[in-house]
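Please read the structure below before turning to the comments.
The values are calculated or read from the model by the stated rules, or taken from the named source; none is laboratory data. Bear in mind that the values here come from a model prediction, so they are computed numbers and not experimental data. Note that we place each Cβ from the backbone using ideal geometry, even for glycine, and neighbour counts take in every protein chain shown.
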Amino acid sequence: MPTKATTRSTNSKAAQSEAMRAEVPSTIARSDDKAVRTWKKAHDSAVGSYGEGQRAHRAAYAALKHTHEKVGDRWRPKPEPGPSDAQAKQRTAAKVRSPRPTAEGVNATAPVTRLREMARELDIPGRTRMTRDELVDAIKKANRRAAAAARR
């Protein structure tokens, strides 16, 4: 049974997340409380460093992609935290000098079996015969479709 201190901190985190939902992008607002708090705190910190704008948003998404992956129209915690694609693996200076395409929140470093599970959840046809790159591309496309449908 949770203690009063545990329950109080859990309730305050939940209340904190609910208050933040109005201030985050819609895909993050539909996600779990941890995703909301992660994005918002990273964004606020980045605004302090870089000012409001695209750079602060990119920094917040980079922090979120380290702990979460995008599946459909929301972000879910990754089984193992870490960089999600080749761009995220680069050092900061290298990202600026020679940027690589991102996987748009898809955990491209996940095992193929995990990518196939995500493809099954998203009902992507032909997933059992796809390569890793094809799976990542198909999941990115399905995620874009689901996010667009959720905005309507």
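Values for this structure:
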item	result
Among the candidates Thr38, Thr27, Thr67, residue that is under 26 Å from Ala142 (Cα atoms), touching an Asp or Glu at 6+ places or on another chain (Cβ under 7 Å) and either at pLDDT 90 or above or not aliphatic (A, V, I, L, M) (or both)	Thr27
Subset of segment 15-53 (residues that are surrounded by fewer than 13 Cβ atoms within 10 Å (Cβ to Cβ) and not hydroxyl-bearing (Ser, Thr, Tyr))	Ala15, Glu18, Ala19, Ala22, Gly48, Gly51, Glu52, Gly53
Top-ranked residue of segment 87-145 - restricted to ones that are surrounded by 15 or more Cβ atoms within 10 Å (Cβ to Cβ), small (Gly, Ala, Ser) and part of a loop (DSSP other than H, G, I, E, B), ranked as nearest to the chain's Cα centre (by Cα)	Gly105
Residue match in segment 126-143 (condition: touching a residue at least 60 places away in the same chain (Cβ under 8 Å), aliphatic (A, V, I, L, M), over 19 Å from His68 (Cβ atoms) and touching an Asp or Glu at 6+ places or on another chain (Cβ under 9 Å))	no
Residues being touching a residue at least 40 places away in the same chain (Cβ under 8 Å) and not aliphatic (A, V, I, L, M) - total across segment 33-84	11
All positions within segment 23-52 that are of a type in the set (Lys, Arg) and in contact with a Lys or Arg (Cβ under 8 Å, 6 or more places away or on another chain)	Arg30, Arg37
Single condition Trp75 does not satisfy, out of (1) within 25 Å of Arg145 (Cα to Cα); (2) part of a helix (DSSP H, G or I)	(2)
Gly72 at positive phi and touching a helix residue (DSSP H, G or I) at 6+ places or on another chain (Cβ under 8 Å)	yes
Filtered residue count, segment 97-130, keeping only those that are among the charged types (D, E, K, R) and more than 21 Å from Gln87 (Cα to Cα)	7
Residues that are of a type outside the set (D, E, K, R) and either in contact (Cβ under 8 Å) with a residue 60 or more places away in the chain or closer than 10 Å to Ala62 by Cβ (or both), drawn from segment 85-99	Gln87, Ala88, Thr92
